[in-house]
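S.K.: The structure under discussion is supplied below as structure tokens; questions concerning it will follow.
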Amino acid sequence: MSETDYDVGIVGGGVVGCAVLFELSRQGFRCVLLEKSLDIMTGASAGNSGMLVTGFDAPLFSLEQHCIKSTQEVIFELIKKCNIPHRKCGAIVIAWTDEENRKIPLIKENAHKAGIDSVYYLNQSDLRKREPHLKQTMKGALSIPGECVVDSSLLGIIYAQQAVRLGAKICTNCEVTGFKDGILTTSRGLFKVQATVNCAGLYGDKVDSLVGINSFSIQPRKGQYCVFGKSASNFLDSIIFPVPSDKSKGIALFKSVYNNLIIGPTAEDVARGSQPTCNPKIHSSLKMQAGSLIPELDSHPPVGQYLGLRPATQFKDYQIRTHPQINWVTVGGIRSTGVSGSLGIGQYVSERLVTDLCLEPTRGTTCQISEMDWCLGSDKSSVSIDGCHYKIAHPLFLYGNQNSNSKL
């Protein structure tokens with residue numbers, strides 16, 4: 001193999017692309033990741049909630065739920081070995097109306113069918129003990145003990161750097177513009193690959209169109225968040241979810257790993273190609289909603305806001321499809337659970353490469369995860385690992401480290 005010949009080319013350096021790079025490198029594939037931005041972990045991955053969920057409310061027996069469960073089985077070893085900030089805080093789904101409360105038993109039933117047996121009912125007394133600052137007018141509630149918050153930007157960077165240790169190459173500022181006969185044409189030259197995995201997120205359908213595939217269309221969905229300071233962190237321990245709707249999981253109230261209290265995201269469809277910004281009216285509405293849930297927040301004004309775009313499609317489930325005639329794998333429709341399903345997606349793609357595309361790794365499998373140290377940059381908007389410098393654009397990381405001298 002020459003320097004630009006690879007088993008697999010991965011298009012897109014968000015959390016899913018980085019997880020796929022990591023998992024395929026572990027399985028012995030020689031990989032290159034091609035990211036059009038100057039840094040990895042931008043785009044949709046730089047505006048999420050930073051949650052690592054159990055999939056209790058994912059479509060029952062869906063590919064999404066399968067990938068989330070697979071991730072749960074292996075990700076905490078990586079988190080521990082690499083000292084990635086996280087907190088197993090659990091979540092509470094609260095029904096505030098009688099109509100919402102009628103949906104609670106079905107959520108619990110479906111969670112148990114999916115093998116998430118730890119979900120259980122909470123009564124008013126239980127809720128008061130768990131969250132004494134929360135308003136106590138619920139009609140019903142479920143406890144989801146396994147829910148977690150994590151530094152999702154650092155997680156994606158760790159995926160990438162683990163892959164680099166295993167021989168993978170990362171090319172940023174490298175936009176894929178064409179593909180023919182196993183050659184990916186990019187703004188930084190040609191890359192010969194045996195297979196391509198499209199993890200381009202918000203641009204997934206456009207990358208697919210380069211090879212004439214039109215199996216879904218990206219319908220960007222904007223999520224806006226309101227951020228409170230760390231002075232409000234003692235008001236909440238659990239993630240507070242509403243009863244989910246058909247469109248989204250709803251607006252959550254939660255505490256980041258860096259102890260900022262957050263409310264969001266909204267779910268607003270936006271035009272393709274537009275440059276959405278934070279809406280002051282929505283910011284005010286989120287602030288009021290947080291204050292209605294925790295009255296003491298009225299004396300703690302927000303310190304900021306941010307938004308993210310989710311690559312929704314016309315389908316509810318993940319769209320992971322193989323195209324053996326051109327050795328192409330599409331990984332699309334990873335809406336709000338990209339972090340939670342990331343390693344499971346990588347495992348699933350690895351299986352499809354072998355089973356559907358008959359592609360065999362050129363190197364040996366590496367099962368163990370190596371320990372990895374990282375340090376916060378002096379600018380507090382970057383980290384260094386193995387001498388590599390990674391910029392971080394996620395607002396939760398930036399807000400969280402503004403007044404911090406350590407990585408915790």
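S.K.: With everything on Cα atoms, drop me the angle between helix 63-81 and the longest principal axis of the chain, reported from 0 to 90° to the nearest 10.
M.R.: Helix 63-81 sits roughly 90 degrees off the main axis of the chain.
S.K.: On a 0 to 90 degree scale, rounded to 10, what angle separates helix 280-293 from the longest Cα axis of the chain?
M.R.: The helix 280-293 is inclined about 50 degrees to the chain.
S.K.: Over the chain, with the other protein chains present, what is the accessible area per residue in square angstrom, probe 1.4 angstrom? Present the calculation step by step, with values, prior to reporting the outcome.
M.R.: Details: 16670 Å² over 408 residues.
With the other protein chains kept in place, the chain gives 41 Å² per residue.
S.K.: Using the basic label-point model (7 angstrom from Cα toward the beta carbon), what is the SER215 to LYS88 distance in nanometres?
M.R.: 3.6
S.K.: Next question, about the same structure. Could you give the C-alpha radius of gyration of the range 220-266 expressed as a fraction of 2.2 N^0.38 Å, taking N as the number of residues it contains? Walk me through the numbers on the way to the answer.
M.R.: On the way: Rg = 11.4 Å, N = 47, 2.2 N^0.38 = 9.5 Å.
Expressed relative to 2.2 N^0.38 Å, the Cα Rg reads 1.20.
S.K.: Still on this model: Quick one: compute the contact order of the range 332-403, relative version, from alpha carbon pairs under 8 angstrom and 6+ residues apart, as a percent.
M.R.: Details: 37 pairs, mean separation 10.4, N = 72.
Taking the mean separation of contacting Cα pairs over the length of the range 332-403, I get 14 percent.
S.K.: With an 8 Å Cα cut-off and a minimum separation of 6 or more residues, compute the relative contact order for the range 286-408 in percent.
M.R.: Details: 90 pairs, mean separation 15.5, N = 123.
After rounding, I find 13 percent.
S.K.: Going 7 Å from the Cα of ARG102 toward and past its Cβ, which residues in the range 140-171 have a backbone nitrogen under 11 Å from where you end up?
M.R.: Taking a point 7 Å out along Cα→Cβ of ARG102, no residue of the range 140-171 has its backbone N under 11 Å.
S.K.: Quick one: pull the percentage of alpha-carbon pairs in the range 17-127 with a separation above 16 Å.
M.R.: Numbers: 4432 of 6105 pairs.
The calculated P(r) of the range 17-127 puts 73 percent of pairs beyond 16 Å.
S.K.: Please give the Cα centre distance for the range 351-387 versus the range 266-334, rounded to the nearest Å.
M.R.: Using only Cα atoms to place each centre, the spacing works out to 27 Å.
S.K.: I've got another one for you. If you line up the long axis of helix 152-165 against the longest principal axis of the chain, both from Cα atoms, how many degrees apart are they, to the nearest 10?
M.R.: 20
S.K.: Additional query: Considering just Cα atoms, how many Å³ per residue does the convex hull of the chain enclose? If you can, show how the numbers build up before the last one.
M.R.: On the way: hull volume 54.6 nm³, N = 408.
Convex hull of Cα atoms, per residue: 134 Å³.
S.K.: Right, another one. If you place +1 on the Cβ of every Lys and Arg and -1 on the Cβ of every Asp and Glu, how big does the dipole about the Cα centre of the chain come out, in debye to the nearest 20?
M.R.: Values: 41 positive and 37 negative charges, 117 e Å.
Using only the charged Cβ atoms, the result is roughly 560 debye.
S.K.: State, as an integer percentage, the relative contact order of the chain based on alpha-carbon contacts under 8 Å between residues 6 or more apart.
M.R.: Numbers: 906 pairs, mean separation 106.3, N = 408.
Computed over the chain, the figure is 26 percent.
S.K.: Could you please report the charge total around LYS108, scoring K, R as +1 and D, E as -1 over all other residues with beta-carbon less than 15 angstrom from its beta-carbon?
M.R.: Details: positive: ARG102, LYS103, LYS113, LYS139; negative: ASP57, GLU100, GLU109, ASP117, ASP126, GLU147.
Neighbour charge sum, excluding LYS108 itself: -2.
S.K.: Does the range 106-166 come out rounded, prolate or oblate by the C-alpha gyration tensor, with a ≥ b ≥ c the root eigenvalues, rounded set by a/c under 1.5 and, if not, prolate when a/b is larger than b/c and oblate if not?
M.R.: It is oblate, given that a/c is not under 1.5 and a/b is not larger than b/c.
S.K.: Per residue of the chain, what 222 nm ellipticity follows from adding -39500 (n - 2.57) for every DSSP H run with n ≥ 4, rounded to the nearest 500?
M.R.: Values: 10 runs with 111 residues, N = 408.
Estimated from H runs of four or more residues: -8500 deg cm²/dmol.
S.K.: If you roll a 1.4 Å probe over the range 47-117 with all protein chains in place, what percent of the accessible area is carbon or sulfur? Display every interim value, and only then the final one.
M.R.: Details: 1540 of 3110 Å².
Carbon and sulfur: 50 percent of the exposed surface of the range 47-117.
S.K.: Read phi for every residue in the range 271-278 and hand back ³J(HN,Hα) as whole Hz from Karplus 6.51 cos²θ - 1.76 cosθ + 1.60, θ = phi - 60°, with x for Gly and Pro.
M.R.: Result, rounded to whole Hz: 5, 4, x, 6, 10, x, 10, 5.
S.K.: Now for a separate question. How much of the accessible area of the range 174-221, in percent, comes from carbon and sulfur atoms when a 1.4 Å probe is used?
M.R.: On the way: 1000 of 2180 Å².
In the range 174-221, the share of accessible area belonging to carbon and sulfur is 46 percent.
S.K.: Counting Lys and Arg as +1 and Asp and Glu as -1, what is the net charge of the other residues whose Cβ lies under 12 Å from the Cβ of LEU297? Don't skip to the answer; put the middle values down first.
M.R.: Details: positive: LYS135, LYS287; negative: GLU296, ASP298.
Local net charge: 0.
S.K.: Leaving out ligands, DNA and RNA, what percent of the accessible area of the range 279-388 is carbon and sulfur, probe 1.4 Å? Numbers along the way, then the final one.
M.R.: On the way: 2630 of 5100 Å².
Solvent-exposed carbon and sulfur of the range 279-388 make up 51 percent of the total.
S.K.: Can you give the accessible area of TYR318 in Å² (nearest 10), computed on protein heavy atoms with a 1.4 Å probe?
M.R.: Its heavy atoms expose roughly 10 Å² to the probe.
S.K.: Just to confirm the filter: which trypsin sites (Lys or Arg not before Pro) across the range 109-152 are DSSP coil and have at most 15 other Cβ within 10 angstrom of their Cβ?
M.R.: Details: sites: LYS113, ARG128, LYS129, ARG130, LYS135, LYS139; in loops: LYS135, LYS139.
For trypsin sites (Lys or Arg not before Pro) across the range 109-152 that sit outside H, G, I, E and B with at most 15 neighbouring Cβ atoms in 10 Å, the list reads LYS135.
S.K.: Could you compute how much accessible surface ASP298 exposes when probed at 1.4 Å, giving the result in Å² to the nearest 10?
M.R.: Here the accessible area works out near 120 Å².
The values are calculated or read from the model by the stated rules, or taken from the named source; none is laboratory data. Treat the numbers as computed from the prediction; the structure is a model and nothing was measured. Using ideal geometry, Cβ is built from the backbone for each residue, glycine included, and neighbour counts are taken over all protein chains shown. Only protein heavy atoms, including side chains, enter the accessible area calculation; ligands, DNA and RNA are left aside. Shrake-Rupley method; radii C 1.70, N 1.55, O 1.52, S 1.80 Å.
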